[in-house]
Amino acid sequence: MIKLSIQGMTCPSCAPKVHNKIIKLDGVLDVSVSYAESLVSITPSEDFNVQSAIDALESEGYQAYIEANSCYTSDQFVSNKKDLHVAIIGSGSGAFACATKAAEGGAKVTIIEGADVIGGCCVNVGCVPSKILIRAAQLAEQQRNNPFEGLENHQPQLNRALLSQQQSARVEELRHAKYQNILDTNPSLSLIKGYARFKNANTLIIDKPDGDQQEISADRILIATGSTPTIPAINGLNDTPFWTSTEALFASDLPEHLVVIGSSVVALEIAQAYRRLGSEVTVLARHTLLYREDPLLGEELEKCFKKEGVNVLTDTSANNIAHDGKHFIIDSNNGRITSDKLLVSTGRHANTEKLNLKAAGIQVTELGEVMVDAKMQTNVEGIYAAGDCSNMPQFVYVAAAAGSRAGTNMTGGDVSLDLSTMPAVIFTDPQVATVGFTEAHAKQQDIDTISRVLPMENVPRALANFETDGFIKLVAEESTGTLIGAQILAHEGGELIQSAAIAIHNKMTVAELAGQLFPYLTMVEGLKLCAQTFHKDVSELSCCAA
């Protein structure tokens with residue numbers, strides 16, 4: 001059964017006209033028309049071409065769109081609808097992943113972007129520039145405090161403006177290679193500059209930079225508008241020149257004292273980077289660090305921060321902020337703090353306020369996130385969402401995976417996104433890496449667990465590197481020994497977590513993990529050693545002992 005949504009039927013007498021038009025087409029076995037539902041249901045033969053029905057209806061002044069729940073095989077769907085139109089609001093990772101997949105499926109794709117540049121948050125003001133800043137800060141810290149007695153420490157010579165220029169150049173390079181080049185070389189993709197909002201479930205109104213408006217209709221629509229920094233309601237804050245992460249990443253000057261309000265992932269990464277580049281840094285955290293994670297992660301990371309000179313004030317909230325022209329004055333429940341720069345980084349929220357989602361009947365959470373199922377489908381047929389604007393975790397690789405699946409499903413596929421073994425990394429130093437259940441999360445699911453913690457001083461590579469901060473913690477189901485979670489705090493800890501994720505995905509027991517071959521003097525060998533601690537004392541083993 002093929003279902004077509006029809007626009008333009010203005011009275012009940014239109015229904016028999018539509019019926020008579022469709023029933024005469026080659027390959028149509030039966031047809032029914034519902035004026036009330038604006039729907040045509042076609043029973044086709046194998047050689048039916050759905051595009052012929054769409055063209056026939058358009059010749060009579062109607063607009064027709066293939067319903068997403070049409071019972072039509074993927075091969076038929078793709079081969080017969082080369083003119084399927086997909087509209088994508090946004091141009092970030094999720095948007096382009098969807099665009100390329102939909103184009104592979106035979107669709108014509110229109111990407112709509114209101115910002116000055118394409119690419120979204122990650123490449124422009126997020127992942128890429130932040131990792132450049134973090135890496136530069138890490139090298140500065142190694143010059144200042146390297147652990148080897150035969151290498152003399154010295155103060156790094158920093159040119160913050162030059163570093164910012166290098167960041168911007170690499171961002172532009174990657175934006176062109178990973179986004180603009182795809183747009184330029186794929187004839188199925190086109191770009192409209194402007195801000196889109198819904199007129200109805202099939203039509204978007206685009207407010208263009210020159211003040212004009214344009215309406216486009218599409219068979220499928222993806223919402224991929226990303227997120228924006230959340231600014232807390234602190235008295236006086238909006239009257240001050242505070243930074244968000246964007247300003248902090250690209251600032252050309254280094255502040256003497258930077259105060260960071262928030263303990264989000266971004267807050268912690270930037271706070272440590274600025275401390276390593278030479279600023280005095282104070283972090284105001286409403287709770288403990290990483291309070292949603294295993295408590296040991298936050299406790300040990302705070303120790304590492306304080307060892308580097310980052311002033312961490314937990315259980316601290318700012319209640320009034322002022323700026324005297326040169327300095328910020330921050331009043332909190334822990335007293336008054338002054339600084340020359342202030343970074344506010346308390347999280348991000350979905351960019352959905354201006355989309356007029358109600359016009360299409362799209363459901364959102366209390367936070368404004370578009371609600372999707374595992375197939376990226378919203379509650380409205382034919383409308384999908386991916387990335388930070390949805391109720392999915394805010395990670396760029398989740399956005400890309402979601403966009404890819406949306407593009408596949410739009411063009412006749414049937415794929416889902418499984419987040420049960422989704423790894424996450426915080427790029428502090430040591431890095432925080434997690435996957436699966438913590439003990440507390442497992443308890444909430446009534447899963448009895450057993451766990452082990454291996455300090456990094458028991459990992460030979462960490463000893464050889466003279467970098468023994470942190471630990472590896474593995475969580476297993478008590479009754480079976482099956483690995484269900486891993487929490488890691490370690491230098492380059494992000495390089496370990498995918499091995500743990502694969503082990504969890506494949507339902508390995510800790511005994512099976514302990515029995516695997518791991519190369520000696522690698523950090524990932526720590527997973528094997530931690531798995532061995534479920535049954536033996538690894539401190540008593542010789543090097544390379546199995």
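Coordinate-derived values only; no laboratory data. Computed from a predicted structure; not experimentally measured. Reconstructed Cβ throughout: ideal geometry from the backbone, glycine too, with neighbour counts over all protein chains shown.
Give me Phe242, Phe96 sorted ascending by neighbouring Cβ count inside 10 Å, so fewest comes first. Provide the component values of the computation, followed by the final result.
On the way: Phe242 20, Phe96 29.
Neighbour counts put them in this order, fewest first: Phe242, Phe96.
Quick one: putting +1 on the C-beta of Lys and Arg, -1 on the C-beta of Asp and Glu, what dipole do you get for the chain around its Cα centre, in Debye to the nearest 20?
Details: 42 positive and 64 negative charges, 118 e Å.
Computed about the Cα centre, the dipole is about 560 debye.
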Counting only residues 5 or more places away or on other chains, whose amide H sits under 5 Å from the amide H of Val283 once H atoms are built in the peptide plane? Val260, Asn311, Val312, Leu313
Extending each Cα 7 Å along its Cβ direction at Leu151 and Ala56, get the distance between those two points in nm, one decimal. 7.5
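Fewest to most neighbouring Cβ within 10 Å: what's the order for Met410, Met1? Don't skip to the answer; put the middle values down first.
Values: Met410 29, Met1 13.
Fewest to most other Cβ atoms nearby, the residues stand as Met1, Met410.
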What are the residues whose amide H is under 5 Å from the amide H of Asn356, where those residues sit 5 or more places off or on another chain and H is modelled from the backbone? Phe198
Excluding residues fewer than 8 places away in the same chain, name every one of the lysines whose C-alpha is closer than 25 Å to that of Lys303. Lys131, Lys341, Lys473
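Provide the gained length on full extension for the span Arg160 to Ala115, in nm with one decimal, where the gain is 0.36 nm per separating residue minus the Cα-Cα distance. Before the final figure, lay out the partial values.
Details: separation 45, 0.36 × 45 = 16.20 nm, distance 2.65 nm.
Full extension from Arg160 to Ala115 adds 13.6 nm.
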Distance in nm between Cys11 and Lys306 label points, each 7 Å along Cα→Cβ, equals 8.1
What whole-number distance in Å separates the alpha-carbon centres of segment 248-272 and segment 110-136? 18
Nearest-0.05 FRET efficiency for Asn320 and Asp537 at R0 = 56 Å, using Cβ-Cβ distance, is 0.55
Using each residue's phi in segment 349-365, evaluate 6.51 cos²θ - 1.76 cosθ + 1.60 at θ = phi - 60° and report the 3J(HN,Hα) Karplus result to the nearest Hz, with x for Gly and Pro. 10, 5, 7, 10, 4, 9, 8, 6, 4, 4, 5, 9, x, 7, 7, 10, 7
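Which entries in the list Lys17/Lys101; Lys108/Lys375; Lys3/Lys108; Lys3/Lys375; Lys326/Lys354; Lys24/Lys108 go over 26 Å, if you measure between the two C-alpha atoms of each? Walk me through the numbers before you get to the answer.
On the way: Lys17/Lys101 37 Å; Lys108/Lys375 21 Å; Lys3/Lys108 20 Å; Lys3/Lys375 20 Å; Lys326/Lys354 35 Å; Lys24/Lys108 28 Å.
Long pairs (Cα-Cα over 26 Å): Lys17/Lys101; Lys326/Lys354; Lys24/Lys108.
Please find the FRET efficiency linking Glu381 to Lys193, where r is the Cβ-Cβ separation and R0 is fixed at 25 Å, and quote it to the nearest 0.05. Before the final figure, lay out each step's value.
Details: r = 28 Å, r/R0 = 1.14.
Between Glu381 and Lys193 the formula returns 0.30.
How much length would be gained if the chain were fully extended between Met1 and Ser252, taking 0.36 nm per residue of separation minus their Cα-Cα distance, in nm to one decimal? Intermediate results must be reported in sequence, preceding the final value.
Working: separation 251, 0.36 × 251 = 90.36 nm, distance 6.08 nm.
Computed gain between Met1 and Ser252 is 84.3 nm.
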Taking the Cβ of each residue in Tyr195, Tyr384, Tyr397 as the centre, tally the other Cβ atoms inside 10 Å and list the residues starting with the fewest. Tyr397, Tyr195, Tyr384
Quick one: which residues, 5+ away or cross-chain, put their amide H under 5 Å from the amide H of Leu191? H built at 1.01 Å from N. Ile111
Just in segment 80-126: which trypsin sites (Lys or Arg not before Pro) are loop by DSSP and have at most 16 other Cβ atoms within 10 Å? Lys82
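Report the calculated FRET efficiency for Leu39 and Thr482 (r = Cβ-Cβ distance, R0 = 51 Å), to the nearest 0.05. Kindly include the intermediate steps, with their values, before the conclusion.
Numbers: r = 48 Å, r/R0 = 0.94.
Calculated value: 0.60.
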